[in-house]
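The values are calculated or read from the model by the stated rules, or taken from the named source; none is laboratory data. Model, not experiment: these values are computed from the prediction. Note that each Cβ is placed from the backbone with ideal geometry, even for glycine, and that neighbours are counted across all protein chains shown.
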Amino acid sequence: MATAASVANCWLIRDKGPSFLALIMADVGFDAVKGLGKDFEGKPVPISTLWMMYINHWHLVTRADSEITKFEDLKGKRVSTGAPASGTEFKSLRILELYGLDNRSFSKWERLGADASAAALKDKKIDAYCWDGGLPTGSVLDLANTLKMLQGTSIVLLSVDDAHLNMLKAKFPGVYVRSVIPKAVYPGLEKDVPTVGVENIVVCHKNLPEEQAYKIVQAVFEHLTELHAVHEQAKDTTLKSAHISSAVPYHPGAIKYFKEKGVWPGS
């Protein structure tokens, strides 16, 4: 099912019950299970982690000819923070707040998805946009190539410094990590870009029967080559990485499988 992404996926599981699985960002899951924030306050979501897929890297994308070189330059600009109810919007507003920015800081606030944001930046309808995803993200890569080949400019990605990352990690322990977007990923980047990473996790309703959860995880990890063939970033899904610490507790069925494989801590 195509949805509005992480927040909407949590609502789906909460409101529709154990028959749904979803891919979400772990920071959304953190708030969801605790019933925090405007999206989940007073209505916690009963979810459990099945496995970790890959790390999402936060992008703040602008053009080299925009004269935006630091977060403060976004004030008074036209900015897209991601689609409504998406993990991108959730994470972006959280990071921007650390820099004293919110939707009122911009002359025009857009809430566009990845493809629409890239197209708007290409056509100079916005000055910058936020995106959270794997590497490389196709729409960002296409934008970088288009700007370089057809418009004589390049993309610029803003860095998140250690001080602001540490503020984020202190406020939300165990949720965010340092990640880096290598300059080789997108044409035109002049240096590696330090940013904020968060896990993409597959979750289920915590009341999904243990044996069903076990069989789902087993089916996936016994057919990883098929998964890896579908999406480049899926190659980061391995037995070694799938059970790393999650902001959302693991389902007993998943733990059973990882213990059988000898990869669960203490097994």
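From the list VAL185, VAL196, the lone residue that is in a strand (DSSP E or B), more than 21 Å from GLY17 (Cα to Cα) and at pLDDT 95 or above is VAL196. Please indicate, with yes or no, whether at least one residue in region 73-85 is in contact (Cβ under 8 Å) with a residue 40 or more places away in the chain, polar (S, T, N, Q) and not assigned by TED's automatic domain parsing to the domain that holds LYS235. Within region 73-85 (the criterion being in contact (Cβ under 8 Å) with a residue 40 or more places away in the chain, polar (S, T, N, Q) and not assigned by TED's automatic domain parsing to the domain that holds LYS235), the answer is yes, since at least one residue qualifies. Only one entry in ALA120, ALA83 is in a loop (DSSP other than H, G, I, E, B) and either within 30 Å of SER241 (Cβ to Cβ) or not basic (Lys, Arg) (or both), namely ALA83.
Can you pull out every residue in region 71-92 that is among the polar types (S, T, N, Q) and either at positive phi or under 10 Å from the mean Cα position of the chain (by Cα) (or both)?
SER86, THR88, SER92
Scanning region 127-165 for residues that are buried (at least 21 other Cβ atoms within 10 Å of the Cβ) and among the charged types (D, E, K, R) turns up ASP127, ASP132.
Against the test of being outside any loop (DSSP other than H, G, I, E, B), of a type in the set (Val, Ile, Thr) and in contact with a helix residue (DSSP H, G or I) (Cβ under 6 Å, 6 or more places away or on another chain), the options VAL202, VAL156, VAL180 yield a single qualifying residue, VAL156.
Residue under question is ILE47, and the condition is that it be modelled with pLDDT of 95 or more and on the phi < 0 side of the Ramachandran plot; does it hold?
Criteria met by ILE47.
May I ask you to verify whether VAL217 is in a helix (DSSP H, G or I) and under 14 Å from ILE201 (Cα atoms)?
In short, yes.
Whether a residue is under 21 Å from the mean Cα position of the chain (by Cα) and closer than 17 Å to VAL28 by Cα was assessed, and LYS169 passes this test. Tallying residues that are of a type in the set (S, T, N, Q) and closer than 20 Å to CYS10 by Cα within region 87-139 yields 2.
Filter region 216-267 down to the residues that are small (Gly, Ala, Ser) and either touching a residue at least 24 places away in the same chain (Cβ under 8 Å) or crowded, with 18+ Cβ neighbours inside 10 Å (or both) and list them by number.
If the condition is that a residue be small (Gly, Ala, Ser) and either touching a residue at least 24 places away in the same chain (Cβ under 8 Å) or crowded, with 18+ Cβ neighbours inside 10 Å (or both), then ALA234, SER241, ALA242, SER245, SER246, ALA247, GLY253, ALA254 are the ones that fit.
Can you name every residue in region 99-117 that is of a type in the set (A, V, I, L, M, F, W, C) and either in a loop (DSSP other than H, G, I, E, B) or buried (at least 17 other Cβ atoms within 10 Å of the Cβ) (or both)?
The initial filter retains those residues of region 99-117 that are of a type in the set (A, V, I, L, M, F, W, C), namely 101, 106, 109, 112, 114, 116.
If the condition is that a residue be of a type in the set (A, V, I, L, M, F, W, C) and either in a loop (DSSP other than H, G, I, E, B) or buried (at least 17 other Cβ atoms within 10 Å of the Cβ) (or both), then LEU101, PHE106, LEU112, ALA114, ALA116 are the ones that fit.
The residue of region 114-136 that is nearest to PRO182 (Cα to Cα), among those that are at pLDDT below 95 and out of contact with any Pro (no Cβ under 9 Å at 6 or more places or on another chain), is PRO136. From the list ASP31, ASP39, ASP65, the lone residue that is under 30 Å from VAL156 (Cα atoms) and part of a helix (DSSP H, G or I) is ASP65.
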